[in-house]
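Nothing in this text is a laboratory measurement; each read-out follows from the coordinates by a stated rule. Small disclaimer: the values here were computed from a predicted structure and weren't measured. Counting neighbours? That spans all protein chains shown, and the Cβs are built from the backbone with ideal geometry, glycine included.
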Amino acid sequence: MPAGQSVGVSQTEEIFVLQSLRTAALRVDGRKFGQPRSLVIEFGEQLGWCQVSLGETVVVASVSAELVQPKQDRPYEGMLQINTEVTPMAGIEYDAGAVGVTEARDREAMFERILERAVRNSDAVDREALCVIAGKRVWSIMLSVHLLADEGAAGDAAVLASMVALRHFRRPEVSILNGDVTVYSTDEHVPVPLAMHHMPLAVSYAIFLLQPKTDKERSLLLAQSHTQPVEESMEMDEKQDVMDIDIPVSLLDPSLLEQTLADSGMTFVLNAQREVSVIEKAGGSSIPYKTILALLHDAASHVGRLGAQVDEALAADTKHRVVSVL
């Protein structure tokens, strides 16, 4: 096989994954259905730089700011620009020569779209607070997101890294005198954090429609499923052999292999206040609405846990970081 050519999932891998889910209610990496991968948040010397590792998925985000003229139709608002960088280094799935130009571009477009919808369109950053002089000077915030390795749920890691970088960033202090804006260095004035309305985070699920072969397998899957047994919602005359009914099994924070083999996928973007910004399902089999509602409830709980981890990481960084005026 030529070097650099993409290799699909083998039949052996597919059988092993599905057999593990059906007979042991266990994922190939040893996690339970609702168990996320380990999260590691690292900060650099520069304020606004962070690296987020979600399992083997790695994303780096950095934030910078500059004073610019506002848009004519929004003179009282600053700007938030998002730049993404996705190269074949993140995975062969992004190599146009290996998987084809269309597939590589589609993957990159999906990565960019979730960031746009989750970070910019959700109004996480208070853009009115970025205004210095209405119609003349506003802050333009540049958020750069680099996908270093995609081993599943890259969008989740990217949104998380973006939110952490934005909260970690400090813009320079400014003063206004006779219409002139003076920007102070960090040696003169302590930099100012960005005003943020909320912190939306993304949570993804890989959904498998599994048909149990025995009563034991069925009971095991139902115990792990995010929805009630399908036959409970059916009329008596509509019931059929329950062994013929697929059970939707949802895997939180899927790996790349699980994403590839899944019948469907769902991504939710919401904040700790349970306000939903995005619900995205990109193709795949249909999903029962009760499953979607149950996943949304589960995602809200997971976002609460992620938010606590982010707060803890930012507090730990603040303790040993000295930001003072000389």
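Return the aspartates and glutamates within reach of Lys32: Cα separation strictly under 15 angstrom, same-chain partners fewer than 8 residues apart disregarded; answer none if there are no such residues.
Cα-Cα hits under 15 Å: Asp253, Glu258, Asp298.
At each listed q (0.12, 0.16, 0.19 Å⁻¹), what is the log10 of I(q)/I(0) that the Debye formula gives for the stretch 1-131 modelled as equal alpha-carbon point scatterers?
Relative scattering, expressed as log10 I(q)/I(0), comes to -0.76, -1.11, -1.27.
About its Cα centre, how strong a charge dipole does the stretch 38-197 have in debye, to the nearest 20, once Lys and Arg get +1 and Asp and Glu get -1 at the Cβ?
Working: 13 positive and 24 negative charges, 123 e Å.
Computed about the Cα centre, the dipole is about 600 debye.
Charges at C-beta only: +1 for Lys and Arg, -1 for Asp and Glu. How large is the resulting dipole of the chain about its Cα centre, in Debye rounded to 20? Provide the component values of the computation, followed by the final result.
Values: 28 positive and 46 negative charges, 143 e Å.
The dipole magnitude comes to about 680 debye.
If neighbour count is taken as other Cβ atoms inside 10 Å, put His297, His189 in order from fewest to most.
Working: His297 11, His189 15.
In increasing order of surrounding Cβ atoms, one gets His297, His189.
Return the tail of the calculated pair distribution for the stretch 7-65, meaning the percent of Cα-Cα pairs more than 17 Å apart.
Details: 1017 of 1711 pairs.
Value for the stretch 7-65 (Cα pairs over 17 Å): 59 percent.
So for the stretch 38-197, taking the charge dipole from beta-carbon charges (+1 Lys/Arg, -1 Asp/Glu), which of Leu147, Leu39, Val164 sits furthest toward the positive end?
Towards the positive end, the residue furthest out is Val164.
Largest first, please: the extent of the C-alpha atoms of the chain along each principal axis, to the nearest Å.
In descending order, the Cα extents are 80, 52, 42 Å.
Give the distance, in whole Å, between the Cα centre of the stretch 255-326 and the Cα centre of the stretch 16-73.
Taking the Cα centre of the stretch 16-73 as reference, the centre of the stretch 255-326 is 9 Å away.
By how many nm would the segment from Ser219 to Asp263 lengthen if fully extended, with 0.36 nm per residue of separation less the alpha-carbon distance?
Working: separation 44, 0.36 × 44 = 15.84 nm, distance 2.09 nm.
Taking Ser219 through Asp263 to full extension adds about 13.7 nm, to one decimal.
Highest mean first, how do 301-312, 280-291, 177-188 rank when packing is the count of other Cβ atoms within 10 Å averaged over residues?
Working: 301-312: 15.7, 280-291: 14.1, 177-188: 10.7.
Per-residue Cβ counts within 10 Å, averaged per peptide and sorted highest first, yield 301-312, 280-291, 177-188.
Which residue, Val183, Ala104, Val58, has the largest displacement toward the positive end of the dipole of the stretch 38-197 when charges sit on each Cβ (Lys, Arg +1; Asp, Glu -1)?
The listed residue farthest towards the positive side: Val183.
Arrange the peptides 128-141, 192-205 so that the one whose residues have, on average, the most other Cβ atoms within 10 Å appears first.
On the way: 128-141: 17.6, 192-205: 20.5.
With the highest mean Cβ count within 10 Å placed first, the list reads 192-205, 128-141.
Which log10 I(q)/I(0) values does the stretch 77-163 give at q = 0.14, 0.22, 0.24, 0.26 Å⁻¹ under the Debye formula, counting every alpha carbon as one identical point scatterer?
-0.55, -0.99, -1.12, -1.24
If you line up the Cα atoms of the stretch 38-197 on their principal axes, what length do they span on each, largest first, in Å?
For the stretch 38-197, the Cα spread along each principal axis is 59, 34, 25 Å.
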